[in-house]
Amino acid sequence: ACAMALLITGCGSRPGAANGGDAKEAGGVIRMVMAPDPVWKWLEKQGIKQKMEAEAGIKVQTSSSWDEFGAYAGGHADVVSAASYEVPDLEKQTGAKTTIFGKYNSDRSILAVPASSIAQTICDLKGKKIVTHSAVSITIMWGVYARKFCNLDLRAGGGDYELVVTDPQNAAGLIQRGDADAGLLLPDFSIPQLSSGAVKPLYDSKSVSQIYAEKFSSNPQDATHPQNNVFVARKAWVEKNREEAIFLTKLWDRGVQEWARHRNEIIEAYPEDFAAEKPQEKAFIRDWVADKYDWFVDTTFLDQAWVNSETKLFELMKETGRVEKDTPTPHFTILPKS
């Protein structure tokens, strides 16, 4: 993590990014690490971020990395965007009490197989080679489903499947070429294979979050659980820098509002973030988010009802052995909208 962070910011100590449970005052500067994001680019390009920063007297400094976990765990960021179901492990690795104080993206991953496959569910894939882009992340939730639906073990280095980790851009291609029997795919990184029909989604193209809503949520209409991107920080940092935490959540809330109003324009402006370069590929992802699943939330702010529903996820993880029974449930901080 230190070597990676050196490329981003230098591996020395930084204000407000202390290890352990301590936290310094941010002084109007928020250091956040996240994967490349089209909505964030839109906020900057449109001048929205800069205007809101000037009005609030708070600045957000972002480091772009696919290894958000490593940068945050190494103490090189105040805030990280991570999956909610990764938080128990993140807290274990850092040794510091963390808190979730905002939400952004739900889990959009799907399970897909070659067009010729007769598999109907994850249960039919026992012993098969499954590709994914991470041994944790989306694989955690599909592992929960494998255990819950058919009492099978999906994990790296063992279990009832042969799990292969590769880049998200390569996963669907491996299925198409016959080098894998199935894959946990991000639809926006699998457009050529999905659009051509070479790879077909199972579960009627439903994402992890849509399946969760149907099978486990108290509100089947709310497909925002589990979250693939929540805003996480050391609990001490949020307590000491409440104003900054509120501002960050408000800024990203404006981002999801912009997405709702300008979704097609954002896809057109930043096709690389949707792995869509050709006109037909852009059309495919526009149709996917319009007709199948839009993984952006309506608001980044938390409320108690939403927190209660998301918290049930961790009981399911304990029930299926994804975390130990005595693993503490992650802490949530509900911030006011103004």
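The values are calculated or read from the model by the stated rules, or taken from the named source; none is laboratory data. Please read these numbers as outputs of a predicted model, since none were measured by experiment. Virtual Cβ from ideal backbone geometry, glycine too; neighbours counted across all protein chains shown. Areas reflect the complete protein model, heavy atoms only, side chains present, ligands, DNA and RNA absent. Shrake-Rupley method; radii C 1.70, N 1.55, O 1.52, S 1.80 Å.
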*Rule-of-thumb Rg ratio for region 194-338 [Cα; 2.2 N^0.38 Å; N residues]*: 1.22
*Please list the non-local residues whose amide H lies under 5 Å from the amide H of Arg155, H modeled 1.01 Å from N, same-chain partners needing a gap of 5 or more.*
Asp160, Tyr161
*Could you tell me the accessible area of Met141 in Å² (1.4 Å probe, neighbours in place), rounded to the nearest ten?*
0
*asked:* At 7 Å along Cα-to-Cβ for each site, give me the label-to-label distance between Asp291 and Asn219 in nm.
replied: 2.8
*asked:* Which of Gly28, Gly102, Gly183 ends up with the largest GNM mean-square fluctuation for the chain, with Cα atoms connected below 10 Å?
replied: Gly28
*Out of residues 5 or more away from Phe231 or on other chains, whose amide H comes under 5 Å of its own, with H placed 1.01 Å from N in the peptide plane?*
Phe101, Gly102, Lys103
_I'd like to check one number: the per residue accessible area of the chain, probe 1.4 Å, reported in Å² as a whole number._
42
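About the Cα centre of region 264-330, what is the dipole size in debye to 20, counting +1 per Lys and Arg Cβ and -1 per Asp and Glu Cβ, all else neutral? Don't skip to the answer; put the middle values down first.
On the way: 8 positive and 16 negative charges, 57 e Å.
The calculated dipole for region 264-330 is roughly 280 debye.
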*asked:* Accessible area of the chain with a 1.4 Å probe: how many percent of it is carbon plus sulfur?
replied: 46
*At q = 0.20 Å⁻¹, what is the base-10 log of I(q)/I(0) for region 183-234 according to the Debye formula with one equal point scatterer per Cα and no solvent? Please give it to two decimals.*
-0.80
*Against the longest alpha carbon principal axis of the chain, how many degrees, from 0 to 90 and to the nearest 10, is the axis of helix 137-150 turned?*
50
*Antiparallel DSSP beta bridges within the chain, as percent of all bridges there, nearest 5*: 55
*Tell me the Kirkwood hydrodynamic radius of region 138-221 in angstroms, computed as one over the mean inverse distance between distinct C-alpha pairs.*
13.9
*Would you mind checking which residues have amide H under 5 Å from Thr224's amide H? H placed 1.01 Å from N; only 5 or more apart, or other chain.*
none
_Charge-dipole axis of the chain as Lys and Arg at +1 and Asp and Glu at -1 on Cβ define it, positive-most pick from Gln46, Pro271, Val131_ = Gln46
*Tell me, how many Å apart are the Cα centres for region 97-130 and for region 156-214?*
7
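If the convex hull of the alpha-carbon atoms of the chain is projected onto planes in all directions, what is the mean projected area in square nanometres? Numbers along the way, then the final one.
Values: hull surface 65.2 nm².
Reported value for the Cα convex hull: 16.3 nm².
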